[in-house]
Structures are given as structure tokens and as C-alpha cells.
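Scroll down for the structure; my scribbles are underneath it.
Taken together, the values in this text are just the output of simple stated rules run on the coordinates, not laboratory data. This is a predicted model, so every value here is computed, not measured. Ideal geometry is used to build each Cβ from the backbone, glycine not excepted, and the neighbour counts take in all protein chains shown.
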Amino acid sequence: MKQVLLKAGARLNRRGVRLIAMLAVMVSIFAKIDRSALIAHLAHFDPIVGVAIVGVFLLSVALFARRWWHISRALGVNAPFKDFVRALWISQSVSECGPPLVVGELARFQFMRGVAETWQLVVGQAVDRLSGAIVLLFLVLGLTPIYLGWFSEFPGLKVAVFAAILVSSASAAAILVRRFRRTARSHTERVLAVCNPLRSPGHYGLSVLLQLLLAANFALAALGLGLSGVAPAVFLLAPLLLLGVSVLPGLVSDWGKREAAAVFLLAPAGLTAEQSVAVSLIFGALHLLTALPGALLLLLARRRQAVSVVE
């Protein structure tokens, strides 16, 4: 049985299989909504708002890199900030081709090898990921009274989805902390210091700002579609959507699972299924556009490596 599961997991991990599965999810979503209404919503999107969304994503790239740099500095890594920006941008572009948690983290590690010890890179990335996850979970818990009021007006399935997200997120956080403790055991004092919000509050503050910026981009997407009346509610629901997306298994970036989650979780804001999918598609498309320069950085880095090998 174990061998069967391993073989099935290996097949699912193939890029072509993941792409086909993602397309199947997207086709399933589009089959259940009014596609003409979706196209009409997208056609009326304000490009000026799109520029603002790209600007927020670019700021987010810098802040993600700053958080990682801040954590790594506390662990003794002395690499310049620009190296973290480059590696982070590359990882975001690579993450658009596969599961972000796997592909993105591996890309970050590979492009920072040689500037620090392995434990510093592994622990730095783990704390960076943990910082964002913990802050997002606490944001959702803080907003839960509002969510419960909104979701009580909807069928039991949506309430069950909301409860499942909270339980899954808490379980995933517990598993991450457990594995992280094993990794960091040999450097306990330094790791505990950087994880302690009283001794190292900086990266937690950056995580709060980052989650708010990502939520703002969902609200801006709604605003660009002419849904200004529901944009504040979308902003409040966005942390729950981000948390829901983070606990679902990824196929190709967040495509498919983000749109499916949006249909369920943005309904309390008053959005139709078509409007929810439109908001998600705009968010994803402009994030992809922002990540594209990372692919150019990746090509330049590989070219430099090839030249150095020849020399």
C-alpha cells in the first residue's frame, strides 16, 4: 500500500500531471458559472487600478525579502539585502510553475547556497514561513467574530468550509512548529531568540504589513471591477481566503484552488460566483505579471554560472 501511495504521489508531482489537474479544476469552475458574465466583468476592469495592484505586489516583494533578510541577519547571515531580493523574486517566478511551498522554498535555498551555512538557510526560511503563517492565522482568529456573523446567513456547507480552514490551519501550524523544532534543536538559543516576538518583533510586524497588503490587493481587484461597495468586506475576507488557499494542496501556483476558495469565501461580501472568480483571476494574473522579472533574473543567473564554468 505504501509503495502504491508513493508511486501515485510521484506521478502527481510531475509537471504535466499537475498542469492537467489544474486545468481540470479551472474547467470545472468555469462550467458551473456564467462565463459571459465573467468575461463582461473582466472587460470592465480599470487598468489604472491594475497598475496600483502591481505596485503593491512590487512593494510586497521588497517587504518579503526584507523580512527574510531580517531573520537571516539575526541568525548570523551577512549577505547583502539585494541578494535576498533577487532570490525571493526568482522563487516567486519559479513558484508560478509548481507548488509554491515546495518549488519556491527550494529555489530560495539553491540561490542562497554559498553565502551561509546550511542550517542558517534552512532555519531562516522556516522562520520566515512560520512568521507569515502565524500572523495570518492570528488575523483570521481576530476576525472570526465577524466571519461567524457573516457565514451564519449562508448554508451549512460554507460554515463547514470555514471551520475546516481553521482546523486545518491550526493543525498545519502545529506540524510546522514540531518539524521546525527538530531542525533547530542544535541552535536552540539563537532560534528561540529570533522566534520570540518580544526579542525579535520586526519580522512579525513585517508579516502583518504583508498580509494587509495582500488583502488590500484583493479589495483593489474588486474596486477595479466596479465593486466599490463590497471592497471593504473583500478586504476583511481576504485573510480567510489567503489562509484557505495556503492549506489546500497546490498544483500549479495557486491557480484553481484560489478561484474555488474565492467562490465560497467571498460570498458573504455580496459577490456572485462570477465576480468572485473575476477578483481571483485579476489577483493571480497581476501577481504573475509582477513575478515575471524574476524569470529574467533566473536566466541571467544561469548564464553567469555557465560562463564561469566555461572559464
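Points worth noting:
- Fully extending the segment from V51 to T144, taken as 0.36 nm per residue of separation minus the present Cα-Cα distance, adds 30.3 nm.
- Placing a pseudo-label 7 Å from each Cα along the Cα-to-Cβ vector at R190 and A21 gives an inter-label distance of 3.7 nm.
- Extension reserve of the R199-E117 stretch, reckoned as 0.36 nm per residue once the Cα distance is removed: 27.2 nm
- In order along region 188-202, the Karplus-derived 3J(HN,Hα) couplings, from 6.51 cos²θ - 1.76 cosθ + 1.60 at θ = phi - 60°, round to 4, 4, 5, 5, 4, 5, 6, 7, 6, x, 7, 9, 9, x, x Hz, and Gly and Pro are given as x.
- Most to least packed among 289-298, 21-30 [average Cβ atoms within 10 Å]: 289-298, 21-30
- Estimated distance in nm for a label pair at K32 and L299, the labels positioned 7 Å out from Cα along Cα-to-Cβ: 3.9
- Distance from the alpha carbon centroid of region 17-39 to that of region 93-150 works out to 27 angstrom.
- Taking label positions 7 Å along the Cα-Cβ direction at both L212 and A43, the computed distance is 3.9 nm, reported to one decimal.
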